[in-house]
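Structure first, then comments.
The values are calculated or read from the model by the stated rules, or taken from the named source; none is laboratory data. Note that this is a predicted model, so its numbers are computed, not measured. Cβ placement follows ideal geometry from the backbone for every residue including glycine, while neighbour counts extend to all protein chains displayed.
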Amino acid sequence: MTEENAIAVTKYRLAKCVFTTLYESGSIKKSELKTLLAEAVQKYHLMIGELEIGSIAREKGYTG
């Protein structure tokens, strides 16, 4: 993994933690969480993020 990739993964993981905390506190809806996570994946160009989004969506029953 390059340093650039490592930084991107770190930023994605931080964003994911923030978005999940917002969802769990009731500040955002499920659909907003999914949208924010998908946008973070696109911004940081992460394949692992795309896999996680799909897995989370199936696990939590997200639609849309």
Requested in this report: Enumerate the pairs (first residue in segment 1-14 and part of a loop (DSSP other than H, G, I, E, B); second residue anywhere and not small (G, A, S)) with beta-carbon separation below 8 Å, excluding pairs fewer than 6 apart on the same chain, so at least 6 apart or on different chains.
Outcome: M1/V9
Requested in this report: Quick one: in segment 1-35, of everything that is exposed (fewer than 11 other Cβ atoms within 10 Å of the Cβ), modelled with pLDDT under 90 and hydrophobic (A, V, I, L, M, F, W, C), which residue is farthest from L46 (Cα to Cα)?
Outcome: M1
Report task. Of the conditions (1) surrounded by 12 or more Cβ atoms within 10 Å (Cβ to Cβ); (2) modelled with pLDDT of 65 or more, I53 clears all except one; give me its number. Result -> (2)
